[in-house]
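See structure below.
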Amino acid sequence: MHNWLSQDIVEVLESVWSNEERGSADVEEISIEAKTEVTEELLAECEREGYLMRTSAGEIKLTPLGRQTAREIIRRHRLAERLVVDVLGMTLEESEADACEFEHFLARGVTDAICTLLGHPRFCPHNHPIPEGDCCRQVEDQINSLVTSIDRLEVGEQAQIAYVSAANFPRIRKLSSFGITPGIPVKVQQKFPSFVVQCDETQIALERDIARDIYVWRKS
(Lines give C-alpha, C1' and ligand atoms only; values in the text may rest on other atoms or scores of the structure.)
Protein backbone atom coordinates (compact mmCIF):
# COMPACT_ATOMS: atom_id res chain seq x y z
CA MET A 1 0.00 0.00 0.00
CA HIS A 2 1.07 3.58 -0.35
CA ASN A 3 -0.62 5.04 2.70
CA TRP A 4 2.39 7.28 3.17
CA LEU A 5 1.48 9.08 -0.05
CA SER A 6 -1.45 11.37 -0.55
CA GLN A 7 -3.92 10.28 -3.20
CA ASP A 8 -3.10 13.43 -5.18
CA ILE A 9 0.58 12.46 -5.38
CA VAL A 10 -0.36 8.90 -6.36
CA GLU A 11 -2.48 10.20 -9.21
CA VAL A 12 0.29 12.48 -10.44
CA LEU A 13 2.89 9.70 -10.36
CA GLU A 14 0.57 7.35 -12.26
CA SER A 15 -0.04 10.01 -14.89
CA VAL A 16 3.65 10.87 -15.30
CA TRP A 17 4.52 7.16 -15.66
CA SER A 18 1.83 6.61 -18.29
CA ASN A 19 2.91 9.69 -20.21
CA GLU A 20 6.55 8.63 -20.10
CA GLU A 21 5.50 5.30 -21.63
CA ARG A 22 4.15 7.31 -24.56
CA GLY A 23 7.25 9.46 -24.69
CA SER A 24 5.56 12.56 -23.29
CA ALA A 25 6.63 14.73 -20.37
CA ASP A 26 4.28 17.56 -21.14
CA VAL A 27 2.64 19.12 -18.09
CA GLU A 28 -0.65 19.65 -19.92
CA GLU A 29 -0.83 15.99 -20.96
CA ILE A 30 -0.05 14.92 -17.41
CA SER A 31 -2.80 17.18 -16.10
CA ILE A 32 -5.34 15.79 -18.57
CA GLU A 33 -4.65 12.18 -17.61
CA ALA A 34 -4.36 12.60 -13.84
CA LYS A 35 -7.53 11.94 -11.90
CA THR A 36 -6.91 14.97 -9.76
CA GLU A 37 -6.33 18.65 -10.31
CA VAL A 38 -2.64 19.06 -11.07
CA THR A 39 -1.78 22.41 -9.58
CA GLU A 40 1.61 24.09 -9.38
CA GLU A 41 1.48 23.55 -5.62
CA LEU A 42 0.97 19.81 -6.09
CA LEU A 43 3.82 19.53 -8.58
CA ALA A 44 6.05 21.52 -6.24
CA GLU A 45 5.17 19.14 -3.40
CA CYS A 46 6.11 16.16 -5.60
CA GLU A 47 9.42 17.84 -6.34
CA ARG A 48 10.11 18.57 -2.67
CA GLU A 49 9.37 14.96 -1.79
CA GLY A 50 11.87 13.86 -4.43
CA TYR A 51 9.45 12.15 -6.83
CA LEU A 52 9.60 14.55 -9.77
CA MET A 53 12.04 16.91 -11.44
CA ARG A 54 11.63 19.53 -14.11
CA THR A 55 13.86 19.79 -17.15
CA SER A 56 15.21 23.06 -18.46
CA ALA A 57 12.40 22.90 -21.03
CA GLY A 58 9.80 22.75 -18.26
CA GLU A 59 8.96 19.07 -18.79
CA ILE A 60 8.13 16.79 -15.87
CA LYS A 61 10.24 13.68 -15.27
CA LEU A 62 10.26 10.97 -12.64
CA THR A 63 13.31 10.88 -10.39
CA PRO A 64 14.74 7.45 -9.49
CA LEU A 65 12.65 7.53 -6.29
CA GLY A 66 9.59 8.63 -8.24
CA ARG A 67 10.12 5.91 -10.82
CA GLN A 68 10.44 3.20 -8.17
CA THR A 69 7.32 4.45 -6.39
CA ALA A 70 5.30 4.88 -9.57
CA ARG A 71 6.38 1.45 -10.76
CA GLU A 72 4.88 -0.20 -7.68
CA ILE A 73 1.68 1.83 -8.03
CA ILE A 74 1.30 0.99 -11.72
CA ARG A 75 2.01 -2.69 -11.06
CA ARG A 76 -0.73 -2.87 -8.42
CA HIS A 77 -3.19 -0.99 -10.60
CA ARG A 78 -2.68 -3.06 -13.73
CA LEU A 79 -2.73 -6.35 -11.85
CA ALA A 80 -5.95 -5.22 -10.17
CA GLU A 81 -7.36 -4.56 -13.64
CA ARG A 82 -6.44 -8.07 -14.72
CA LEU A 83 -8.02 -9.46 -11.57
CA VAL A 84 -11.36 -7.71 -11.97
CA VAL A 85 -11.56 -8.48 -15.70
CA ASP A 86 -10.21 -12.05 -15.78
CA VAL A 87 -11.55 -13.35 -12.49
CA LEU A 88 -14.53 -11.17 -11.67
CA GLY A 89 -15.63 -10.83 -15.29
CA MET A 90 -16.03 -7.08 -15.40
CA THR A 91 -15.75 -5.12 -18.60
CA LEU A 92 -12.80 -2.91 -19.44
CA GLU A 93 -14.95 0.14 -18.73
CA GLU A 94 -16.01 -1.21 -15.36
CA SER A 95 -12.52 -2.35 -14.46
CA GLU A 96 -10.97 1.09 -14.14
CA ALA A 97 -12.88 2.31 -11.09
CA ASP A 98 -12.68 -1.04 -9.32
CA ALA A 99 -8.97 -1.38 -10.04
CA CYS A 100 -8.42 2.04 -8.51
CA GLU A 101 -10.14 0.85 -5.34
CA PHE A 102 -8.29 -2.49 -5.28
CA GLU A 103 -4.86 -0.98 -5.74
CA HIS A 104 -5.06 0.89 -2.45
CA PHE A 105 -5.56 -2.27 -0.45
CA LEU A 106 -2.92 -4.49 -2.01
CA ALA A 107 0.18 -5.02 0.10
CA ARG A 108 3.30 -6.22 -1.71
CA GLY A 109 2.84 -9.84 -0.64
CA VAL A 110 -0.78 -9.82 -1.76
CA THR A 111 0.18 -8.20 -5.04
CA ASP A 112 2.71 -10.95 -5.73
CA ALA A 113 0.17 -13.60 -4.77
CA ILE A 114 -2.34 -12.15 -7.26
CA CYS A 115 0.38 -11.93 -9.89
CA THR A 116 1.18 -15.61 -9.33
CA LEU A 117 -2.50 -16.57 -9.39
CA LEU A 118 -2.90 -14.83 -12.73
CA GLY A 119 0.20 -16.50 -14.16
CA HIS A 120 2.42 -13.40 -14.09
CA PRO A 121 0.61 -11.54 -16.89
CA ARG A 122 2.74 -9.26 -19.04
CA PHE A 123 0.01 -6.84 -20.02
CA CYS A 124 -3.09 -5.30 -18.46
CA PRO A 125 -6.49 -5.58 -20.20
CA HIS A 126 -5.72 -2.29 -22.00
CA ASN A 127 -2.55 -3.91 -23.36
CA HIS A 128 -0.23 -1.75 -21.28
CA PRO A 129 2.84 -3.50 -19.84
CA ILE A 130 2.70 -4.63 -16.22
CA PRO A 131 6.00 -3.96 -14.43
CA GLU A 132 7.65 -7.15 -13.25
CA GLY A 133 7.78 -8.03 -9.56
CA ASP A 134 10.22 -10.19 -7.64
CA CYS A 135 7.79 -13.09 -8.01
CA CYS A 136 8.00 -12.85 -11.81
CA ARG A 137 11.79 -12.93 -11.86
CA GLN A 138 12.11 -15.69 -9.28
CA VAL A 139 9.89 -18.08 -11.19
CA GLU A 140 10.46 -16.82 -14.72
CA ASP A 141 11.18 -20.33 -15.92
CA GLN A 142 7.98 -21.59 -14.39
CA ILE A 143 5.62 -18.79 -15.38
CA ASN A 144 3.70 -20.87 -17.83
CA SER A 145 3.36 -23.72 -15.38
CA LEU A 146 1.35 -21.81 -12.80
CA VAL A 147 -2.03 -20.71 -14.09
CA THR A 148 -3.00 -21.04 -17.71
CA SER A 149 -6.08 -21.54 -19.82
CA ILE A 150 -6.97 -25.18 -20.23
CA ASP A 151 -6.65 -25.09 -24.03
CA ARG A 152 -2.88 -24.63 -23.58
CA LEU A 153 -2.44 -27.97 -21.84
CA GLU A 154 -1.11 -30.97 -23.69
CA VAL A 155 -3.11 -34.14 -24.30
CA GLY A 156 -2.93 -36.30 -21.17
CA GLU A 157 -1.94 -33.38 -18.97
CA GLN A 158 -3.76 -33.05 -15.67
CA ALA A 159 -4.60 -29.87 -13.84
CA GLN A 160 -6.91 -28.37 -11.28
CA ILE A 161 -9.54 -25.78 -12.09
CA ALA A 162 -8.41 -22.38 -10.74
CA TYR A 163 -11.27 -20.25 -11.98
CA VAL A 164 -13.56 -19.63 -14.91
CA SER A 165 -13.44 -16.19 -16.44
CA ALA A 166 -16.69 -14.67 -15.31
CA ALA A 167 -17.48 -12.56 -18.36
CA ASN A 168 -20.33 -14.83 -19.38
CA PHE A 169 -22.59 -15.88 -16.51
CA PRO A 170 -24.78 -18.28 -18.50
CA ARG A 171 -21.59 -20.00 -19.60
CA ILE A 172 -20.39 -20.26 -16.01
CA ARG A 173 -23.66 -21.84 -14.94
CA LYS A 174 -23.47 -24.30 -17.82
CA LEU A 175 -19.87 -25.27 -17.02
CA SER A 176 -20.77 -25.56 -13.35
CA SER A 177 -23.56 -27.97 -14.24
CA PHE A 178 -20.88 -30.13 -15.92
CA GLY A 179 -18.82 -30.08 -12.72
CA ILE A 180 -16.25 -27.59 -13.95
CA THR A 181 -15.77 -25.54 -10.81
CA PRO A 182 -12.70 -24.28 -8.90
CA GLY A 183 -10.69 -27.01 -7.21
CA ILE A 184 -11.90 -29.85 -9.44
CA PRO A 185 -9.18 -31.96 -11.17
CA VAL A 186 -9.39 -32.28 -14.94
CA LYS A 187 -7.44 -34.07 -17.64
CA VAL A 188 -7.17 -33.20 -21.33
CA GLN A 189 -8.30 -36.24 -23.34
CA GLN A 190 -7.92 -34.85 -26.85
CA LYS A 191 -7.44 -31.53 -28.61
CA PHE A 192 -8.45 -32.43 -32.17
CA PRO A 193 -10.88 -32.54 -33.89
CA SER A 194 -12.69 -31.41 -30.77
CA PHE A 195 -11.36 -30.38 -27.39
CA VAL A 196 -12.32 -32.98 -24.78
CA VAL A 197 -11.56 -33.01 -21.07
CA GLN A 198 -12.32 -35.52 -18.39
CA CYS A 199 -13.84 -34.14 -15.24
CA ASP A 200 -14.31 -36.86 -12.62
CA GLU A 201 -15.91 -39.71 -14.55
CA THR A 202 -17.40 -37.48 -17.23
CA GLN A 203 -15.88 -36.58 -20.58
CA ILE A 204 -16.85 -33.11 -21.77
CA ALA A 205 -16.38 -31.65 -25.25
CA LEU A 206 -15.63 -27.94 -25.18
CA GLU A 207 -15.57 -25.33 -27.88
CA ARG A 208 -12.20 -23.60 -28.15
CA ASP A 209 -13.44 -20.20 -27.06
CA ILE A 210 -15.03 -21.77 -24.00
CA ALA A 211 -11.86 -23.68 -23.15
CA ARG A 212 -9.92 -20.43 -23.27
CA ASP A 213 -12.11 -19.09 -20.43
CA ILE A 214 -11.21 -21.97 -18.10
CA TYR A 215 -8.04 -21.36 -16.11
CA VAL A 216 -6.23 -24.16 -14.34
CA TRP A 217 -3.33 -24.80 -12.02
CA ARG A 218 -0.91 -27.07 -13.78
CA LYS A 219 0.36 -30.07 -11.87
CA SER A 220 4.12 -30.25 -11.66
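Annotations for the structure displayed:
- Bridgeable aspartates and glutamates around residue 187 (alpha carbons under 12 Å apart, same-chain partners fewer than 8 residues away excluded): 151, 154, 157, 200, 201.
- Once the Cβ-Cβ distance of residue 71 and residue 200 is raised to the sixth power relative to R0 = 45 Å, the FRET efficiency obtained is 0.55.
- Cross-link reach is defined here as a Cα-Cα straight distance under 27 Å, omitting same-chain residues fewer than 8 places apart; for residue 191 the lysines meeting it are 174, 219.
- Rolling a 1.4 angstrom probe over the protein heavy atoms with all chains in place gives the chain an accessible area of 53 Å² per residue.
- Rounded to two decimals, the Cα radius of gyration of the chain over 2.2 N^0.38 Å is 1.23.
- Using a Förster distance of 30 Å, the FRET efficiency for residue 126-residue 48 (Cβ separation, nearest 0.05): 0.40
- Highest GNM mean-square fluctuation among 134, 151, 86, for the chain modelled with Cα contacts below 10 Å: 134.
- For the pair residue 59 and residue 191, label points projected 7 Å from Cα toward Cβ lie 4.5 nm apart.
- Listed peptides 70-82, 113-125 by packing density, highest first (mean Cβ within 10 Å): 70-82, 113-125
- Those aspartates and glutamates that a straight Cα-Cα span of less than 15 Å connects to residue 35, excepting residues fewer than 8 apart in one chain: 8, 11, 14, 96, 98, 101, 103
- Modelled label positions at residue 212 and residue 110, each set 7 Å beyond Cα in the direction of Cβ, lie 3.2 nm from each other.
- Calculated SAXS-style log₁₀ I(q)/I(0) at q = 0.14, 0.21 Å⁻¹ - segment 1-78, Debye, Cα scatterers: -0.36, -0.87
The values are calculated or read from the model by the stated rules, or taken from the named source; none is laboratory data. Only a predicted model underlies this, so the values are computations on that prediction, with no experimental measurement involved. In this analysis, Cβ positions are derived from the backbone assuming ideal geometry, glycine residues included, and neighbour counts consider all displayed protein chains. Ligands, DNA and RNA are excluded from the accessible area calculation, which covers all protein heavy atoms including side chains. Shrake-Rupley method; radii C 1.70, N 1.55, O 1.52, S 1.80 Å.
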